[in-house]
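We did not get these values from a lab; they are worked out from the coordinates using the rules stated. These numbers come from a predicted model, not from an experiment. When we count neighbours, we look across all protein chains shown, and the Cβ atoms used for this are built from the backbone with ideal geometry, even at glycine.
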């Protein structure tokens, strides 16, 4: 077997592997999340999820304090805390989900590039 055939076989196996992984990941948002944490930006996504969790805990704490407050000024203060933490929670979740969408688009482009390379190889070969 010459080197060209070995390269073609390796590329074919790589394409099949990428397509298989792509189909398995694309089917489920939880699998997409798992893959996002194992990538290059995984530490950033984990940090954002941790901060989002802290915002949610802060929101629940403010809600608890709001429920037990008696004075109007204190009620207003805790209600502002609830709104601010809810906004921070939603913004961080929106950022994460948009990043997951970007990752999905990048995977689609890579699959398309591989398909184009295979088609070009068939036309030239």
Taking the Cα atoms of the stretch 50-125, what is the range of coordinates along each of the three principal axes, in descending order and whole Å?
80, 16, 13
For residue 106 and residue 121 in the same chain, what is the full-extension length gain: residue separation times 0.36 nm, less their Cα-Cα distance, in nm?
3.2 nm
Report the extension gain between residue 97 and residue 67 in nm, rounded to one decimal, defined as 0.36 nm multiplied by the number of residues separating them, less their alpha carbon distance.
7.6 nm
Simple SL model, points at 7 angstrom along Cα→Cβ for residue 28 and residue 80; separation in nm is 4.5
